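Below is one structure, written out as structure tokens; comments come after it.
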Amino acid sequence: MPVSVLRRLIVIAAVLLSLSAAGAAPSPQRILDRASAHFAAVTDYSADASVTVKSKTVHIPKSRVRIFFKKPDKVIVKSREGFAMLPRQGVLAGDPLINLRRGAKLKLLGTKSLFGVSCFVVSGMQEEDGRQIKWTVWVDRKSWLPRQIITEFGQGSATRANLWYMQAGKGRFMPSRTVVEVQPPSESGRGACKDTLIVEVNFSNYRINTGIDDKVFNVQGGCS
């Protein structure tokens, strides 16, 4: 084989390899890091929210609240209309992926469509308080925003959070709507599951990085 032809083949092979590497899926850690980057610059925020809680066994009226968050993990919900009940799992404050990014064994399951959007699907296993916790996260391939987070705690206990977003400030996206299904553990010895709560929260009027005073997070007039 002439040397010139061999050189051309080597160049073609190198180009094909570089294209293949460029099109390869990122690592699961890289996917979660990029998804978490959206929340890194938010040190605090407040937002109005309408809350709907669906339950087969308990009637909880629809309510309007003001949600306050401050890093690392301060959250309080204050009612605008008297009594309000909002399960903690229904407030996805701060970085919803922070626990998964701390030492979990991650695996990329591939790409799938969710809500008509192509997503990376990442799973993770983590031990906490002697129990295995399994996570499955769907991350939008275009926006790098988490769209669904499933957390399985064992014994039938799990949460499923679906997220939609709105632009809140230049280049910043915050949840516009979250729907969280909370499944308690199976009842011991009965094989049946307790009532599943479905918590829907619609957000508006975000105020971000205003320097919220720590006094806001006392337990009077709200639930933390």
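Contact annotation: residue pairs with Cβ atoms under 7 Å, 6 or more positions apart or on different chains, pairing a residue in the range 50-71 that is more than 28 Å from ILE98 (Cα to Cα) and free of Cβ contacts under 8 Å to residues at least 40 places away in the same chain with a partner that is assigned to a loop (DSSP other than H, G, I, E, B) and of a type outside the set (Lys, Arg), are ILE60/MET85; SER63/GLU81; SER63/ALA84.
Select from the range 127-158 the residues that are within 25 Å of LYS194 (Cα to Cα) and in contact with a Leu (Cβ under 7 Å, 6 or more places away or on another chain) and list them in ascending order. Spell out how you get there, then give the answer.
Here is the first cut: in the range 127-158, the residues within 25 Å of LYS194 (Cα to Cα) are 127-137, 148-158.
Scanning the range 127-158 gives TRP135, VAL137, GLN148.
Between residues in the range 194-213 that are on the phi > 0 side of the Ramachandran plot and residues that are of a type in the set (Val, Ile, Thr) and surrounded by 14 or more Cβ atoms within 10 Å (Cβ to Cβ), which pairs lie under 8 Å by C-beta distance while being six or more apart or on different chains? Between residues of the range 194-213 that are on the phi > 0 side of the Ramachandran plot and residues that are of a type in the set (Val, Ile, Thr) and surrounded by 14 or more Cβ atoms within 10 Å (Cβ to Cβ), the close pairs are ASN209/VAL42; ASN209/THR43.
A quick yes/no check of all residues on (1) over 12 Å from the mean Cα position of the chain (by Cα); (2) of a type in the set (A, V, I, L, M); (3) surrounded by 19 or more Cβ atoms within 10 Å (Cβ to Cβ):
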{"site": "TRP135", "(1), (2), (3)": "no, no, yes"}
{"site": "ARG141", "(1), (2), (3)": "yes, no, no"}
{"site": "PHE153", "(1), (2), (3)": "yes, no, no"}
{"site": "MET166", "(1), (2), (3)": "yes, yes, no"}
{"site": "VAL182", "(1), (2), (3)": "yes, yes, yes"}
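Taking the numbered list (1) at pLDDT 90 or above; (2) touching a helix residue (DSSP H, G or I) at 6+ places or on another chain (Cβ under 9 Å); (3) of a type in the set (A, V, I, L, M, F, W, C) in turn, LEU100 passes all entries but (1).
Please specify each residue of the range 120-141 satisfying the condition of being among the charged types (D, E, K, R) and either at pLDDT below 95 or at positive phi (or both).
Once the filter is applied, which keeps residues that are among the charged types (D, E, K, R) and either at pLDDT below 95 or at positive phi (or both), the range 120-141 yields GLU127, GLU128, ASP129, ARG131, LYS134.
Here ALA49 meets each of (1) modelled with pLDDT under 90; (2) hydrophobic (A, V, I, L, M, F, W, C); (3) closer than 16 Å to ARG207 by Cβ with one exception, condition (1).
When ILE31 is tested against the conditions (1) touching a Ser or Thr at 6+ places or on another chain (Cβ under 7 Å); (2) of a type outside the set (Ser, Thr, Tyr); (3) closer than 25 Å to LEU145 by Cβ, the lone failure is (1).
Of the strands (runs of 3 or more DSSP E) that lie entirely inside the range 143-213, those containing 2 or more residues that are among the small types (Gly, Ala, Ser), touching a strand residue (DSSP E or B) at 6+ places or on another chain (Cβ under 8 Å) and under 25 Å from ILE60 (Cβ atoms) span 157-167. Of the residues examined, LEU106 is one that is in contact (Cβ under 8 Å) with a residue 24 or more places away in the chain and closer than 23 Å to PRO72 by Cβ.
The values are calculated or read from the model by the stated rules, or taken from the named source; none is laboratory data. Keep in mind that this is a model prediction, so the values were computed, not measured. For neighbour counting, all protein chains shown are included, and Cβ atoms are generated from backbone atoms with ideal geometry for every residue, glycine included.
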